[in-house]
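Comments concern the structure below.
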Amino acid sequence: MMARRVVVTGMGIWSCLGTDLEKVRESLHKGISGIGLDKDRLAYGYRSGLTGIVEKPVITKKDLDRHTRACLSEEAEYAYMASRQALQMAGVDDAYLLQNEVGCIFGNDSSAKPVIEAAKIMDEKHDSAMLGYGLIFQAMNSTVNMNLSTIFHLRGVNFTVSAACASGSHSIGLAYMLIKQGLQDMVLCGGAQETNYYSMASFDALGAFSVRMDEPSKASRPFDKNRDGLIPSGGAAALMVEEYEHAKARGADILCEIAGYGFSSNGGGISQPSDEGCFIAMKRALTDAGLLPEEIDYINAHATSTKQGDMYEAMALQRLFGGKKAWISSTKSMTGHECWMAGASELVYSILMMRNGFVAPNINLEEPDEYAQGLHLATETVETPVKTVLSNSFGFGGTNSALVIKEI
C-alpha cells in the first residue's frame, strides 16, 4: 500500500487581522497590527489592557436556531464562522456532509466565561434552574467540537485537543496522522480561543503581558531586545484536511500538502520553555516530511514576545537553521498570542504567504536580542516564492508541536 498523502482543501479565519482570508492576507502583507487597548480589562483589575481586537460574530436565526445558538460559547462562535469559510472553500455543502463521513478535531484548552457566569448566577439566585439550557455546553472544554459536529453533521472522529498554546497545531497534526494511516479521509480541524476579559485574568496575574499601553500596535515585539511581554488574542481558524486521492476524485482545489508533524515534551518546569524540546519537535517534523533544514523557505516562529520563550526558541532555530536560507518571522508581532488557536491560525497565515509569494514581517523588531541576532529574520515584507514552511507551536506544560507544509 502506498503512503497516503494529506492535503488542505479549505480554510477559514476569524482573527484580529480580519474575518476573511483576503483581509487577513492584506494585513499580513502590509504588516498591520490587530492589537488595541481594552479599557474594560483595566477596570476589571488587569495590569495590562492590551489585547487583539476581534470582531464579535453576528449569528442570527437565519444561520442557526435559538436552541443551537444558546449552546455556542464565544470561541465556538468564532469556530463556527471560520468553519463555514473552510467548508465553502473546500466545496463541501450540507448535502455532502449528510452522505459522507467527515471528522472534527479542534484545539481548545478552556472556556472561562460560561463557568464564571454560571457561578455568578448560583451565588446570586441559589437555584440551578436559573442557569438555563446552554451554559453546560458552553462551559465544557469540548464546546467547539460538540457544537461543530452537531451543526455540520460531522460523523467521523470527534474530540478536542487540550494542549495549551500548542492545541491548534496538535489538532492538525492528529488529523494528518489519522488520514495518513487510513482511518479518516476528511477532517475539519483547527483551533479556537475566547477573547473576553474573564479568560485571561490568571494569565495577567503571572506578569506575562506587555504593559506598553501607550502604543498598542508596537507592544508585541518577538525577538526584540526591548520586549516586555506578550499580548493575549484569539478567534478561530479552521482547515479542511483531506487525503490527496480523495480530494482529487471529488475535484477539490488543493491549497498545499501537509508533509510532516513533529512533537515533544520538555519534561521540566510547568512554565519553563526548552531549546531541546523545540529542536526535537522541529527535527521530527522535518524527518517526517523527508526534508533537510536547507530545503525550508520560511519558518513561522512561535515567538510570543516573552524573554524566556523567544530566547529558547531562538537557540533551537540557530542550532537547526543557522546559516540556512529560511526566512523567519513571528506573526504574533501583529496578532499577539492567539493561544489555543495560534497553531491553526499560523498555519492559515503560512498558507496565505505560500499561495501569494511573500513572507510576512516580524514587525516591531528594532534591535534583536543576543540570541536572535544570528537568525535570518524578516523585519519587512519579503516578496519571495514560499514552497516549504515549518510552523512552530509550544505551550505550558512543555508541549511542543511543529508542522511542515509544502506546495503541491
Quick calc: nm separation of the 7 Å Cα→Cβ label points for K324 and L183 -> 2.9 nm
Would you mind telling me the antiparallel percentage of the DSSP bridges in region 7-406, rounded to 5? 70 percent
Separation between the D253 and R69 pseudo-spin-labels, each 7 Å from Cα along Cα→Cβ, expressed in nm? 3.1 nm
Multiply the residue separation of H376 and A95 by 0.36 nm, subtract the distance between their alpha-carbon atoms, and state the gained length in nm to one decimal. 96.4 nm
Extension length gain for I270 and L42 (0.36 nm per residue less Cα distance), in nm, is 79.3 nm
Using the Cα centre of the chain as the reference point, and only Cβ charges (+1 on K/R, -1 on D/E), how large is the resulting charge dipole? Debye, rounded to the nearest 20. 260 debye
Each label sits 7 Å from Cα toward the beta-carbon; between Q88 and I116 the label points are separated, in nm, by 3.2 nm
Förster-model FRET efficiency, 45 Å R0, D369 and V58, C-beta, rounded to 0.05: 0.60
J(HN,Hα) series, region 239-244, from Karplus relation 6.51 cos²θ - 1.76 cosθ + 1.60, nearest Hz, glycine and proline x: 9, 8, 9, 8, 5, 4
Charge dipole magnitude, Cβ of K and R +1, D and E -1 - region 103-186, Cα centre, debye nearest 20: 240 debye
Taking the alpha-carbon centroid of each part, what is the distance from region 287-309 to region 338-353 in angstrom? 13 Å
Note the full-extension length gain between K387 and K30 as 0.36 nm times their separation in residues minus their Cα-Cα distance, in nm to one decimal. 126.4 nm
In whole Hz, with x marking every Gly and Pro, tabulate ³J(HN,Hα) for region 262-270 from phi via Karplus 6.51 cos²θ - 1.76 cosθ + 1.60, θ = phi - 60°. x, 8, 6, 10, 6, x, x, x, 5
Quick check on packing: order 165-176, 295-306, 29-40 by the mean number of other C-beta atoms within 10 Å, highest mean leading. 165-176, 295-306, 29-40
Under a Cβ-Cβ cut-off of 10 Å, what is the net charge of the residues other than W340 that fall near it, where Lys and Arg count +1 and Asp and Glu count -1? -4
Lysines with Cα under 23 Å of K180, excluding same-chain neighbours fewer than 8 positions away: K248, K283, K387, K406
For the chain, whose charge dipole is built from +1 on Lys and Arg Cβ atoms and -1 on Asp and Glu Cβ atoms, the candidate among T399, T388, F203 with its Cα farthest towards the positive end is T388
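Each reported figure results from applying straightforward, stated rules to the coordinates on display, with no laboratory input. Just so you know, these numbers come straight off a predicted model, no measurement behind them. Please note: Cβ atoms are built from the backbone with ideal geometry, for glycine as well, and neighbour counts cover all protein chains shown.
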